[in-house]
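Here the structure is laid out as structure tokens; the discussion comes afterwards.
The values are calculated or read from the model by the stated rules, or taken from the named source; none is laboratory data. Predicted model, so just to flag it, every value in this text is computed and none were measured. Cβ placement follows ideal geometry from the backbone for every residue including glycine, while neighbour counts extend to all protein chains displayed. Accessible surface areas use protein heavy atoms only, side chains included; no ligands, DNA or RNA. Shrake-Rupley method; radii C 1.70, N 1.55, O 1.52, S 1.80 Å.
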Amino acid sequence: MCIRDSFYASAAQKKADVVWGNLRSHHYRNDLKRADEVEVQKVDVTTLTRYLIITNEEYFKLLFSLLDFGGKIAIEAWKLLSRLPTSPEIFKSLVELKGVRASQTANWSQIIDTNSRYKLLYTLYVIEYFMESGSSEQQLDDKQSKLEEEDAEDNFSLESYINKDPELSEYRKNWMSDFIIYGGFEFLFNIFTQFTKIDNQRLDIFDKNILLFILKIIKNYLTATFSSKVPFLYSITQYIRLFHLNLGTISNHLDLSLIHISE
């Protein structure tokens, strides 16, 4: 017993990292309590820093202004923006298609700011989310169910916030078709055309990400356009992402999809 105690005491002193790693693998915390023995504490999300930031649009404007400084300041500000929940103001403006739906002449610049590439990229994140979640009714239902479950724990969900307003909820359901009908796709394609005129050597990581997101949105648009003629098209295109699978496996899955289509 003494030898064993002496072994652990020596290991704790000389190989502390290894000992802590072993303890964590057995689900022990830094206070040496097992994670399953500690009662989960309910946290009031309204007291969290992230909640205070996202519910005050002035804070978001300040963060976006820091992006204009460029360099390390811009990178750190972008990291913070990426880790925060989506701005409710920007989210709501996009759901409503503010300045587009209720106007005789659609003013897409009101919600897709091309004067700031950082804000443009941020907006494209939200647009891509709308496009992805609207790719099929079932996928949207599954996503909303998941969000509702998360909302029960978090008390703050943008989708839940939208669903509480009947008008916004209706806008959300028709968002993808309205985006195309009111000229959103053409507006993004014009932005894409402007970026393609820039010398590739002058494009930084933000510019490349803007091009990447616009291309993904175009892909979703084209998929939606042809899905009525090619059933399961959206599911089939997902195989493009599965680069870790060999072609034989993908081919077998595609054959099964075609069998379902023919039935």
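Values as computed for the structure displayed
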| quantity | calculated |
| --- | --- |
| Peptide ranges 167-177, 67-77, 20-30, 122-132 listed from the most packed, as the mean C-beta count within 10 angstrom indicates | 122-132, 167-177, 67-77, 20-30 |
| Average accessible area per residue (Å²) across region 1-75 - probe 1.4 Å, nucleic acids and ligands excluded | 85 |
| Simple spin-label estimate for residue 82 and residue 193 in nanometres, 7 Å along Cα-Cβ | 3.1 |
| Geometric extent, Cα atoms of region 26-90 - Rg, Dmax (angstrom) | 17.2, 48 |
| Region 1-118, accessible surface, carbon-and-sulfur percent (1.4 angstrom probe) | 53 |
| Protection-proxy order for peptides 52-60, 38-46, each taking the mean of Cβ atoms within 10 Å per residue, highest first | 52-60, 38-46 |
| Restraint check, 98/119; 42/98; 119/219, Cα-Cα greater than 28 Å | 42/98 |
| Mean Cβ neighbour count within 10 Å, used as a protection proxy, ranking 104-113, 90-99 highest first | 90-99, 104-113 |
